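The values are calculated or read from the model by the stated rules, or taken from the named source; none is laboratory data. None of these values were measured; they are calculated from a predicted model. Positions of Cβ are generated from backbone atoms using ideal geometry, with glycine treated the same way; all protein chains shown enter the neighbour counts. Side chains included, ligands, DNA and RNA excluded: accessible areas come from the protein's heavy atoms. Shrake-Rupley method; radii C 1.70, N 1.55, O 1.52, S 1.80 Å.
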Amino acid sequence: MHLAPGIILGHYEIISPLGEGGMGEVYLAQDTNLNRPVALKVLPESVVGNEQRMRRFIQEAKAASALNHPNILTIYEINDSPSGKFIAMEFIEGQSLRALMKAPLSASHVLDIAIQTASALAAAHAAGIVHRDIKPENMMVRSDGLVKVLDFGLAKLTELRSDAVDAEAPTRAVNTEPGTVMGTLLYMSPEQARGQSLDQRTDIFSLGVVIYELLSGRLPFDGSNTNEILAAILSDRQPLPLARYTRECSVEFERIVDKALRKNRDERYQTSKDLLIDLRQLKEHMDFEAKLERSGVPDTRATSAASKRTNSFLKRGSTLWLSAALVIFGLAFFVYTWRSRGTPATASTPIKSLAVLPLKSLDAGQNDLGLGIADAVIRKVSQTGELIVRPTSAVRHYVSEETDALTAAHQLSTDAVLEGSVQRANDHLRVSVNLLRTVDGASLWADNFDMRMTDIFAIQDTVAQQVAAKLQLQLNSAQQTRLTKRSTTNAIAYEFYVKGMADVYELGYGDAGKPKVLNVIEFFKKAIAADPNYALAHSQLAYAYTWMALFIDPSEAAWADRAREEIKQAQTLDPQLAETHLARALLLWSAYDGWQIDAAIREVRLAQQIDPNVGHPDLAGLYQHAGLEKLAAYELDRALETNPTSPGIKGEFIDMAEIVRDYDRALTDRQRFFGESKPGVWYLMVKGRLDEAKRALDETEAKHPEDEELPEMWGVFFALKGDFRSAEAKIPEVLNRHPIKGPVYHHASYDIACIYAMEGKADEAVKWLKETAATGFPCYPLFARDPFLNRIRQSAAFVDFMNESKVKWEASRKEFGEQ
């Protein structure tokens, strides 16, 4: 639908069409309120019903209106009328860069356009907005030379900042599906053409294409059809030198363009601000040369003929040379001051957290080695205790995800990120690493290693040491030793260990999880066969055996025996392994070792003395079961600080609240972490909302009849209803689903105690309470406040039990320092 002159949209009167943009027709209109010309972009009626395109239309307005910069088109408002939805924006009297470039442009003119565009991008990127469609059609040049960047229709918010953008709608509106290719092909970066996640470096590449085209009159990557263009963009070939097409382009200008057009985005300018600094320095240099030329003063590139001039000229020129030197000195001081002032304050903030991403394998399907190198660096740096390092479990999924390093750093909420790649050819390795500061994308250190597979341990040592140095960690001699400590020097053993570690963080349960655990066990056994003194492999094998004993095959005691053997061997070979203490703690707090909860706590605390970043979820669970609730809360907070994106740790907050019947806190945490507000069965029962609880139980039983908690939930429900016969009838079913060696048996026994307590059978209830405490759940504070136990509180058996429990609880509080 074309709008005729005179049609009114809101308080805007259509004057004439201006053209057609990516999201609709654009009209010149008059703002009748402020009496000024505006440009209206109107979305056709045929597109209004398309939800995705409507979302992009609104996105463009909100993204661009969040910016306030002289080189960015100003958005006045977004509105709708009977004639359609529209955006009212600044009207630019000028021409598009595409129209302007039909005539040759001087290098100085191109540089001026490049500086203004880079300045606009720097402002957008600082607000977390990536344009993603930089091209001549989206750049207007006014008659006075001012450049305006238009059309943020593809813009994506990469980082929300409360002081820069609206924190509500943009997060929903701007995200596109992974793998979607959006933008204009001729100006796309390689990562954009592949449909990968994007950051500000894609705009830098696109601007590089525009500058190259302005200087040379041709595109750096071109072809006769789409496939040829894509091939040119995605190949390793860099564009032909600009000097081949123009004599005006200086060596420095060509270097800047070449760096912006690097296919590997890690080799490009990492921020638009860095690009802008170089462009401005180039302009200052060109302006200075032009000034010298106008003044008649020769520069350092004077011809040999100039050296033959008369002495009188040299004497006369000496004064000018002194003036020039002073100008140069002043200019250098200005640049230094300007660059120092332009450095963000946040860039000097100490880095307190680090993510080490799995190194991307350049060999198809060979991801184990890159994950293994990352895991080794994580262990080394984490053990210094001077930095919060995201655990391997938090980063391992990036092995199979095409996520750039800075995006991952934002997702993981870290101040710095280490990325890299690894390629193997027989027994030779090529490893590249890059340490980036998250706040501005600056590279703090980068290096490449070409060496034999047997030298991989030297690579790991070097990377860990350089990370510590570049992040300015203050390490004592013991911490420095941990950076270079090697568990093995046997490359074959290490390869098997790495293959085992690839799955150790995702072990399953029951029969379904058995094949993976057995596979992990075999890899660790092969590592030990290659190097019997490989203490870390013994430690991880002990952990795998313990997992088999507790969660896969609890009927076979041999698994626990094997775990003890490996723990002993690992401890003998290397007493300073946090992993050994964690494996021992898991076994101690089980039926195999008599549910020694205090001893298990000691083991995890020993592990944390070696590596302060490990064991926090484990220790939180132990403290909560022991009734040390303040310490449990502290460890949960530390666990979340160490691994803030872990659904498992977030779920731990809910689990720890529910096991002590604090269902209000559990519901709050469920809403906080997962956005779920529907109360569960236990919440409804504790609140006395039994009719709702009955409906929820029926629904759970219909959808999840295998839920192991169903029998005790029904038992407690019947007891609350006063139907004790039905409640007791559920007890055999409860015990059938929870074998005595099972890790959650003590919760089932506690629910049985509550059923008998509500019935008033104190002796039976206390018998099951003692069973609960003896099997790993001596939680005195819970016993003291649980309303399900109120009916037996005056009985002698319960009073005696509580007195004994309190003595043990207070001893634990004293030992572990809970105030």
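Using the structure shown, decide if N434 is at pLDDT below 85 and of a type outside the set (D, E).
Details: at pLDDT below 85: no; of a type outside the set (D, E): yes.
No: the conditions fail for N434.
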Considering residues that are assigned to a helix (DSSP H, G or I) and free of Cβ contacts under 8 Å to residues at least 60 places away in the same chain, the number found within the stretch 391-404 is 4
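Table: residues versus (1) farther than 17 Å from K352 by Cα; (2) in contact with a strand residue (DSSP E or B) (Cβ under 7 Å, 6 or more places away or on another chain); (3) among the basic types (K, R); (4) surrounded by fewer than 16 Cβ atoms within 10 Å (Cβ to Cβ).
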{"position": "A408", "(1), (2), (3), (4)": "no, yes, no, no"}
{"position": "L412", "(1), (2), (3), (4)": "no, yes, no, no"}
{"position": "L418", "(1), (2), (3), (4)": "no, yes, no, no"}
{"position": "V422", "(1), (2), (3), (4)": "yes, yes, no, no"}
{"position": "A425", "(1), (2), (3), (4)": "yes, no, no, yes"}
{"position": "V433", "(1), (2), (3), (4)": "yes, yes, no, no"}
{"position": "T438", "(1), (2), (3), (4)": "no, yes, no, no"}
{"position": "G441", "(1), (2), (3), (4)": "no, no, no, no"}
{"position": "F449", "(1), (2), (3), (4)": "yes, yes, no, no"}
In the stretch 434-462, anything under 21 Å from the mean Cα position of the chain (by Cα) and among the β-branched types (V, I, T) is listed as T438, V439
Picking from F496, F457, the residue that is under 30 Å from K526 (Cα atoms) and crowded, with 22+ Cβ neighbours inside 10 Å would be F496
Filter the stretch 267-304 for residues that are hydrophobic (A, V, I, L, M, F, W, C) and modelled with pLDDT of 90 or more; the one that is surrounded by the fewest Cβ atoms within 10 Å (Cβ to Cβ) is I277
May I ask you to verify whether S400 is at pLDDT below 80 and under 16 Å from the mean Cα position of the chain (by Cα)? yes
Among helices (runs of 4 or more DSSP H) completely within the stretch 685-783, the ones holding 2 or more residues that are closer than 19 Å to A657 by Cβ are 690-703, 710-721, 745-759
Within the stretch 600-609, the residues that are open to solvent by 20 Å² or more (accessible area, probe 1.4 Å) and either under 25 Å from S555 (Cα atoms) or under 32 Å from the mean Cα position of the chain (by Cα) (or both) are E603, R605, L606, Q608, Q609
Among residues of the stretch 231-241 being within 18 Å of Y212 (Cα to Cα) and part of a helix (DSSP H, G or I), the residue farthest from the chain's Cα centre (by Cα) is A232
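Before we move on, is A557 open to solvent by 10 Å² or more (accessible area, probe 1.4 Å), out of contact with any strand residue (DSSP E or B) (no Cβ under 8 Å at 6 or more places or on another chain), in contact (Cβ under 8 Å) with a residue 24 or more places away in the chain and not polar (S, T, N, Q)?
For A557, the condition - open to solvent by 10 Å² or more (accessible area, probe 1.4 Å), out of contact with any strand residue (DSSP E or B) (no Cβ under 8 Å at 6 or more places or on another chain), in contact (Cβ under 8 Å) with a residue 24 or more places away in the chain and not polar (S, T, N, Q) - is met.
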Sole miss for N227 among (1) touching a residue at least 12 places away in the same chain (Cβ under 8 Å); (2) open to solvent by 30 Å² or more (accessible area, probe 1.4 Å); (3) assigned to a helix (DSSP H, G or I) is condition (1)
Okay, strands (runs of 3 or more DSSP E) sitting entirely in the stretch 35-115 with 1 or more residues that are within 38 Å of the chain's Cα centre (by Cα) and either at pLDDT below 85 or closer than 30 Å to G6 by Cβ (or both), I get 36-42, 75-81, 84-90
Checking S805, S726 in turn, the sole residue that is open to solvent by less than 60 Å² (accessible area, probe 1.4 Å) and closer than 30 Å to A560 by Cα turns out to be S805
**Prompt:** What do you reckon, is N264 farther than 26 Å from V439 by Cβ, open to solvent by 50 Å² or more (accessible area, probe 1.4 Å) and among the polar types (S, T, N, Q)?
**Reply:** no
Picking from T481, T462, T489, the residue that is open to solvent by 20 Å² or more (accessible area, probe 1.4 Å) and free of Cβ contacts under 8 Å to residues at least 12 places away in the same chain would be T481
Given the conditions (1) within 38 Å of the chain's Cα centre (by Cα); (2) closer than 30 Å to Q596 by Cβ; (3) among the hydroxyl-bearing types (S, T, Y), every one holds for T700 apart from (2)
Filtering the stretch 610-661 down to residues that are under 19 Å from D375 (Cβ atoms), open to solvent by less than 20 Å² (accessible area, probe 1.4 Å) and among the acidic types (D, E) yields D611
If we ask which residues in the stretch 695-717 are under 18 Å from H738 (Cβ atoms), open to solvent by 10 Å² or more (accessible area, probe 1.4 Å) and charged (D, E, K, R), their number turns out to be 5
